[in-house]
Amino acid sequence: MKQQSYEHHKRFHPLQHFVLLPISVVTLVASIVYAVKAITAGEFSLEVFLILALVVMSLITGLLARINALTVQDRVIRAEEQFRYFVLTGKWIDSRLTIPQWIALRFASDREFPALADKAAQEGMSPKEIKRAIKHWRADEHRV
């Protein structure tokens, strides 16, 4: 894997992004088309409804699994970065920082993290601005 930087830090999970997601979209579209054709032909049945319901339920299940994993990851990042700030400075970090700011700050090296965290809280920097301000990138190879 390339060394992480602002340009090379996004991660794609091949099975999630390039297999499951496209198959899910195609299946959803196909089941909707099938249901519409059945309705217009007057042939709507329990089987048609069940196919559509199963496809929708599968999509919801997949989305919830992804959303829940990302939510837990965000909470872990916040706790890790709060602890890292405390270890580096001996102080509690500014409570004005938002979750998206925490997530962006995790890429900052230890030597620039405290000052950048303070600046982000004071100036309300966006995650994109925080990432662009990082001089020494700290890779995160364990993202979901």
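The values are calculated or read from the model by the stated rules, or taken from the named source; none is laboratory data. None of the values given here were measured: they were computed from a predicted structure. Counting neighbours? That spans all protein chains shown, and the Cβs are built from the backbone with ideal geometry, glycine included. All accessible areas refer to the heavy atoms of the entire protein, side chains included, with ligands and DNA or RNA removed. Shrake-Rupley method; radii C 1.70, N 1.55, O 1.52, S 1.80 Å.
As a test of the formula, what do you get for the chain when each DSSP H run with n ≥ 4 contributes -39,500 (n - 2.57) and the sum is divided by the residue count, at 222 nm and rounded to the nearest 500 deg cm²/dmol?
Result for the chain: -21000 deg cm²/dmol, rounded to the nearest 500.
Output ³J(HN,Hα) for segment 109-117: one whole-Hz value per residue in order, computed from phi by the Karplus curve 6.51 cos²θ - 1.76 cosθ + 1.60 with θ = phi - 60°, and x for Gly and Pro.
Once θ is set to phi - 60°, the couplings for segment 109-117 become 5, 4, 6, 10, 4, x, 5, 5, 5 Hz.
Using only alpha carbon pairs under 8 Å that are at least six residues apart, calculate the relative contact order of segment 17-92 and give it in whole percent.
23 percent
Given an 8 Å cut-off on Cα distances and at least 6 residues of separation, report the relative contact order of segment 62-144 as a percent.
Relative contact order, segment 62-144: 30 percent.
Any chance you could tell me what percent of the C-alpha pair distances in the chain go past 20 Å?
Tail fraction, whole percent: 60.
Can you pull the accessible area of K128 for me, 1.4 Å probe, Å² to the nearest 10?
Only protein atoms counted, so the area is about 120 Å².
Got the relative contact order for the chain handy, in percent, Cα pairs under 8 Å and 6 or more residues apart?
The normalised contact order for the chain reaches 24 percent.
Toward the positive end of the charge dipole of the chain, about the Cα centre and with charges on Cβ (Lys, Arg +1; Asp, Glu -1), which of Q16, V56, I103 goes farthest?
Working it through, the farthest residue towards the positive pole turns out to be I103.
Please work out how many pairs of lysine residues in the chain are eight or more positions apart (or on different chains) and have Cα atoms closer than 28 angstrom.
15
Whose amide H sits under 5 Å from the amide H of A108, counting only residues 5 or more places off or on another chain, with H placed in the peptide plane?
R138
Once the whole set of protein chains is in place, how much accessible area is left on L59, using a 1.4 Å probe, in Å² to the nearest 10?
40 Å²
Return the sequence-ordered ³J(HN,Hα) values of segment 19-24 in whole Hz as given by the Karplus equation 6.51 cos²θ - 1.76 cosθ + 1.60 applied to θ = phi - 60°, using x for Gly and Pro.
Calculated HN-Hα couplings, in order: 10, 4, 4, x, 5, 5 Hz.
Any idea what the dipole of the chain comes to, in debye rounded to 20, about its Cα centre with Lys/Arg Cβ at +1 and Asp/Glu Cβ at -1?
440 debye
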